[in-house]
Amino acid sequence: MEQKILEMLNEIYPVEITKVEAVTNEMFRCIAKQGVYFARITNYKSYDEQLEEITYTNYLYKEGLGVSPTMVSNKGNQIEKITFNNKEVLTVLYAAVKGKHLSRNEWNADVLKELGKQIGKLHRLTKKFEGIHSVRYINDWYQNEEYDFLKYIPEDETMIRDVAQEIITKINNIPKDKSNYGLLHGDLWLENVLVDDDLKLSMVDFQDCEKNFYIFDLAVPIYSAIEFSFVGGGNIIEYERDITKAIIERYQEENNLPKEMLEILPLFIQLKEVFEYSLMHMYWNKEKLTEEQIRIMNHFRRRIEENVSKK
């Protein structure tokens, strides 16, 4: 498969790729004489949605944000249609950004502060982008299948279904305006952030970008940091407080988020937690769950139910 992809990409793009390695089912690392690239080959979103996403990320790149620029094909296109495994799919080629994924113990206060600053810059630039370009094809968050919690969370889990419905209702009742709502990354967990030796951060994988409340782009990395980097030996509540403070303080240097939105950050962290739990039911094969998947699912279910009991 990799050899076929290599041949196709070399025909389409003005690069000399010598090796292709699968990263996921849709993303491939490409080693070329000109450098390292990543090819995304997927119909996860339509042509129009992907083109709008690329227009957005290329704008961010030109404005100096750490994101991957796209490579133009020999035909001058940002997206190319190819036939792969007997079906037509869309491919985009990205130039790799500098940096690496950090290990758990490397996510310290300095890195989190810098992350907050970069997210603030992202949202500030988003406002400029949306003043120039109309966003017609990228969905509002609630239009995406992944937020249809009641479709995937089992009917017998009534407590969690009630929580999910309550969260959605509360968020849908928040007034939207340009200060609190717009286009954002949508999946800024720590694996989608790369850090170089100079503490310069780059954001990758904008495939799940959506229109949502800006606070969600802060809730995701805060939630991710707690899940990913808390290793015990301290108070997790204090750890969450310190992470939140580190990220938001630097965020506010780049973009002003209304105080009332910061006050409801816990609601969006709840949204992220239920979102993750619902995804397990959506994508995991319930007939063939591994022991690890069962453990994770039970952990999430207990934690969501315990949080309800504490109220």
Taking the simple approach of a point 7 Å from Cα along Cα-to-Cβ for both I31 and L262, what is their distance in nm?
4.7
Between E305 and A109, the two model label points (7 Å from Cα along the beta-carbon direction) sit apart by a distance in nm of 3.8
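Sum -39500 (n - 2.57) across every DSSP H segment of at least 4 residues in the chain, then divide by the residue count to get the 222 nm mean residue ellipticity, nearest 500. Mind showing how you got there, number by number?
On the way: 10 runs with 147 residues, N = 311.
So the helix-based figure for the chain works out to -15500 deg cm²/dmol.
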Equivalent ellipsoid semi-axes, the stretch 59-100, via Cα gyration tensor eigenvalues times 5, rooted, Å
25, 13, 8
Rounded to the nearest 0.05, what FRET efficiency do Y44 and E287 give with R0 = 35 Å and r taken as the Cβ-Cβ distance? Could you check?
0.90
Assigning unit charges at the beta carbon (Lys, Arg +1; Asp, Glu -1) and nothing else, what dipole magnitude in debye, to the nearest 20, does the chain show about its Cα centre?
480
Those lysines that a straight Cα-Cα span of less than 22 Å connects to K170, excepting residues fewer than 8 apart in one chain:
K151, K178, K211, K259, K272, K310, K311
With springs only between Cα atoms under 10 Å, which of S46, S202, S68 fluctuates most in a Gaussian network model of the chain?
S46
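Give the carbon-plus-sulfur fraction of the accessible surface of the chain in %, rounded to a whole number; probe 1.4 Å, heavy atoms of protein chains only.
Numbers: 7610 of 15890 Å².
For the chain, the apolar C and S fraction of the accessible surface comes to 48 percent.
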Which whole-number percent of Cα pairs in the stretch 151-191 have a distance greater than 12 Å?
73
P(r) for the chain, please, calculated from all Cα pair distances in 20 Å bins and given in %.
30, 59, 11
Extension gain L279-S134, at 0.36 nm per residue separation less the Cα-Cα distance, in nm?
49.2 nm
Stretchable slack from N74 to H101, in nm (0.36 nm times residue separation minus alpha-carbon distance):
6.5 nm
Can you work out D for the stretch 270-311 in µm² s⁻¹ from Stokes-Einstein, where Rh is the Kirkwood radius over C-alpha pairs, the temperature is 4 °C and the viscosity is 1.567 mPa s?
119
Kirkwood-based Rg to Rh ratio, the stretch 1-62, C-alpha trace:
1.00
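Loop-only check: which trypsin sites (Lys or Arg not before Pro) in the stretch 104-170 are DSSP coil with at most 10 other Cβ within 10 angstrom?
Within the stretch 104-170, the qualifying trypsin sites (Lys or Arg not before Pro) (loop, at most 10 other Cβ atoms within 10 Å) are R136.
Report, in order of residue number, the helices in the chain meeting two criteria: a C-alpha extent of 24 Å or more along the helix axis, and a mean Kyte-Doolittle hydropathy of at least -1.0; treat each whole DSSP H run as one helix.
Working: long enough: 109-132 (35 Å, -0.42); 236-254 (28 Å, -0.86); 265-283 (27 Å, 0.56); 291-310 (28 Å, -1.40).
Answer set is 109-132, 236-254, 265-283.
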Any lysines whose Cα falls less than 19 Å from that of K4, other than same-chain ones fewer than 8 residues away, would be K19, K33, K81, K87
Taking DSSP loops as anything outside H, G, I, E and B, show the longest stretch in the chain free of GluC sites (Glu not before Pro) there with at most 16 other beta carbons within 10 Å.
158-286
Tally Lys and Arg at +1 and Asp and Glu at -1 over the other residues with C-beta under 9 Å from the C-beta of E114: what net charge comes out?
+3
Could you calculate, for the stretch 154-224, the ratio of the Cα radius of gyration to the Kirkwood radius, expressed as Rg to Rh?
1.09
The stretch 78-131 accessible area per residue, 1.4 Å probe, protein heavy atoms, integer Å², reads 48
Each label sits 7 Å from Cα toward the beta-carbon; between N172 and A22 the label points are separated, in nm, by 3.9
With the Cα gyration tensor of the stretch 23-94 in hand, convert its eigenvalues to equivalent ellipsoid semi-axes via √(5λ) and list them largest first in whole Å.
20, 16, 12
Give me the three principal axis extents of the stretch 176-311 from the C-alpha atoms, as integers in angstrom, largest value leading.
47, 37, 34
Excluding same-chain residues fewer than 8 positions from K113, which lysines have a Cα within less than 18 Å of its Cα?
K100, K121, K200, K245
Hey, what does the equivalent ellipsoid look like for the stretch 81-125, semi-axes from the Cα gyration tensor as sqrt of 5 times each eigenvalue, largest first, whole Å?
35, 16, 9
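Viscosity 1.306 mPa s, temperature 10 °C: what is the translational diffusion coefficient of the stretch 72-156 from Stokes-Einstein with a Kirkwood Rh over Cα pairs, rounded to a whole number of µm²/s?
Values: Rh = 18.2 Å.
Rounded, D is 87 µm²/s.
The values are calculated or read from the model by the stated rules, or taken from the named source; none is laboratory data. Predicted model, so just to flag it, every value in this text is computed and none were measured. Glycine gets a Cβ as well: all are built from the backbone with ideal geometry, and neighbour counts include every protein chain shown. Accessible surface is based on the protein model in full, side chains and every heavy atom, while ligands, DNA and RNA are left aside. Shrake-Rupley method; radii C 1.70, N 1.55, O 1.52, S 1.80 Å.
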